[in-house]
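These notes concern the structure reproduced below.
The values are calculated or read from the model by the stated rules, or taken from the named source; none is laboratory data. The structure presented is a predicted model; accordingly, all values stated were derived computationally and were not measured. Here the Cβ is made from the backbone with ideal geometry for all residues, glycine too, and neighbour counts use every protein chain on show. Accessible surface areas use protein heavy atoms only, side chains included; no ligands, DNA or RNA. Shrake-Rupley method; radii C 1.70, N 1.55, O 1.52, S 1.80 Å.
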Amino acid sequence: MPALPAKLPNTGTTIFTVMSALAAEHGAVNLGQGFPDFGADPALLQAVTEAMAAGHNQYPPMTGVPALRLGVAAKLNALYGAAYDADRDITITAGGTQGLITALHACVGAGDEVLIIEPAYDSYDPAIRLAGAVPVGVPMTMDYRLDWAAVRAAITPRTRALVLNTPHNPSGRVATADDLRELERLAEQHDLFVVSDEVYEHMVFDGAPHQSVARYPALRERSFLVSSFGKNFHVTGWKVGFVAAPPTLSAAFRRLHQYTVFTVHTPTQHALAAYLADPAPWQALSAFYQAKRDAFRAALDGTPLKLLPCEGTYFQTVDYRAVSTHGALPELDFARWLTTEIGVAAIPLSVFYQQPQQRGHVRFCFAKRDDTLAEAAQRLARLG
Ligand code: PMP
Ligand code: GLN
């Protein structure tokens, strides 16, 4: 047998798979990998069945079902005042993950540097490496805000793109209007592409607006906006998302998309199109998750876990260093111990860095039923 080409030779199994397996093995409450443990709206599920029964079972257009692209364009226009053309500028993808990797391959190549903000969601680094480019980690501030001085310092003549993620996984921070204006200035000044991961766009708390790149015309012109229906409609396993980008960027995106994915599950796209016509479900999402955030935070009150700010996403990050027995453990070891001995799975933030940081921080997912969160809190109350 010939040697396999060494793609991503130093990359292990994603932490989400590792921690979910450990949680299952030990019967832990799984607050690690981010997915809801409750069902989607039955009307949405019914719509998939109906789409199949109606015969929507062959290939849709390569770029996605037209009604869904129209729905996405209308929503982006209503929310962010951005005029994306449904035929030309919107492509339906196999989730956010494919949107991200295809967008990166469309805009960077061998020798290019791509800035990723650390802690960074774990698919960015390998996606950039597979494109032959170099991921350059730029740290956030100590309280997980975007650090524009650090971003500026990391820019070189080879910097070609920046990956933005707001609301931010894993920290739960959201970018501000000032952040986006600064990014707009920098991107123009240094002629950068922006890949904007906005999969948590409908989970922003305390009345703050989501700061999409689509709101800022000069930024929009050089950005791939990536989102996912899995997060918004409690169906992470469907893996359907979209990429919105101006014509030249969309054309480059589609050149790759057509030969890697071509198109995604037809009946699901029809169901999402019908469901998207009603704004009520996604408009309710921030309040829905804000209530879960508040309940989960209240339930952890009195434990030695220090709650960090949570402004968006469905993740709560905590500082565990005050846990008397095991607070000195490195993050991965602490997350394993918490899973196997306390019975609650979490994700260590150290895995989201090129050079793992040990700040004593782990992430919990609160997209769970109230009884699941209560059970987890009861177990965490045993921490001394
Ligand atoms: N980006 C971020 C920040 C995520 O948390 C996730 C996973 N939920 C994705 C992208 C991938 O989304 P999808 O499951 O639609 O591929
Ligand atoms: N995005 C999810 C998270 O952050 C996990 C997705 C995955 O398992 N790949 O937990």
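Considering the conditions (1) closer than 30 Å to Val362 by Cα; (2) in the same structural domain as Leu272 (by TED's automatic domain parsing); (3) not polar (S, T, N, Q), Ala78 is excluded by exactly one of them, (1).
Mind listing whichever residues of segment 95-105 are open to solvent by 30 Å² or more (accessible area, probe 1.4 Å) and either away from ligand 1 (no atom under 12 Å from the Cβ) or out of contact with any helix residue (DSSP H, G or I) (no Cβ under 6 Å at 6 or more places or on another chain) (or both)? If you could, list the steps in order and put the result at the bottom.
Residues of segment 95-105 that are open to solvent by 30 Å² or more (accessible area, probe 1.4 Å), as a first pass: 97, 101, 105.
Passing the criteria: Thr97, His105.
Restricting attention to segment 160-186 and to residues that are among the small types (Gly, Ala, Ser) and in contact (Cβ under 8 Å) with a residue 40 or more places away in the chain, the residue that is nearest to Phe205 (Cα to Cα) turns out to be Gly172.
Screening Asp122 against (1) charged (D, E, K, R); (2) surrounded by fewer than 20 Cβ atoms within 10 Å (Cβ to Cβ); (3) away from ligand 2 (no atom under 16 Å from the Cβ) leaves a single unmet condition, (3). Select from segment 144-174 the residues that are among the hydrophobic types (A, V, I, L, M, F, W, C) and touching a strand residue (DSSP E or B) at 6+ places or on another chain (Cβ under 7 Å) and list them in ascending order. Across segment 144-174, the qualifying residues are Leu146, Ala150, Val151, Ala154, Ala161, Leu162, Val163, Leu164, Val174.
Can Thr17 be described as touching a strand residue (DSSP E or B) at 6+ places or on another chain (Cβ under 7 Å) and at pLDDT 95 or above? Don't jump to the end; show me each part of the working.
Details: touching a strand residue (DSSP E or B) at 6+ places or on another chain (Cβ under 7 Å): no; at pLDDT 95 or above: yes.
Spelling it out, it is not the case that Thr17 is touching a strand residue (DSSP E or B) at 6+ places or on another chain (Cβ under 7 Å) and at pLDDT 95 or above.
Scanning segment 1-55 for residues that are closer than 30 Å to Val65 by Cβ, within 16 Å of ligand 1 (Cβ to nearest atom) and hydroxyl-bearing (Ser, Thr, Tyr) yields one hit, Thr14. Within segment 64-83, the set of residues being surrounded by fewer than 24 Cβ atoms within 10 Å (Cβ to Cβ) and not aliphatic (A, V, I, L, M) comprises Pro66, Gly71, Lys75, Asn77, Tyr80, Gly81.
Taking each residue of segment 69-84 that is of a type in the set (Val, Ile, Thr) and looking for partners that are part of a loop (DSSP other than H, G, I, E, B) with beta-carbon atoms closer than 8 Å, six or more apart or interchain, yields Val72/Tyr84; Val72/Ala86.
Pairs are defined by a Cβ separation below 7 Å, a sequence spacing of at least 6 or placement on different chains, a first member in segment 132-159 that is closer than 19 Å to Val318 by Cα and at pLDDT 95 or above, and a second member that is of a type in the set (A, V, I, L, M, F, W, C) and surrounded by fewer than 17 Cβ atoms within 10 Å (Cβ to Cβ); the pairs so defined are Pro139/Ala150. Whenever a residue of segment 317-340 is under 21 Å from Gly302 (Cβ atoms) and open to solvent by less than 10 Å² (accessible area, probe 1.4 Å), its partners that are at pLDDT 95 or above and polar (S, T, N, Q), lying with C-beta atoms within less than 9 angstrom and at least six residues away or across chains, give the pairs Thr317/Ser171; Val318/Thr303; Val323/Thr303.
Any idea which of Leu8, Leu4 is touching a Lys or Arg at 6+ places or on another chain (Cβ under 7 Å), part of a loop (DSSP other than H, G, I, E, B) and not assigned by TED's automatic domain parsing to the domain that holds Thr313? Quick ask: steps written out before the conclusion?
On the way: Leu4 fails: touching a Lys or Arg at 6+ places or on another chain (Cβ under 7 Å).
Unique residue meeting the criteria: Leu8.
In segment 207-236, the residues that are within 10 Å of ligand 1 (Cβ to nearest atom) reach residues that are β-branched (Val, Ile, Thr) with C-beta atoms within less than 6 angstrom, at least six apart or across chains, in these pairs: Val226/Val243; Ser227/Val199; Ser228/Val199; Phe229/Val240; Gly230/Thr236; Lys231/Val199.
Restricting attention to segment 342-384, the residues that are under 24 Å from Ala295 (Cα atoms) and part of a helix (DSSP H, G or I) add up to 13. Return the total of residues in segment 19-36 being within 16 Å of ligand 2 (Cβ to nearest atom) and more than 18 Å from the chain's Cα centre (by Cα). Qualifying residue count for the region: 7. Which of (1) open to solvent by less than 80 Å² (accessible area, probe 1.4 Å); (2) in a helix (DSSP H, G or I); (3) not small (Gly, Ala, Ser) does His56 not meet, given it meets every other one? Failing condition for His56: (2).
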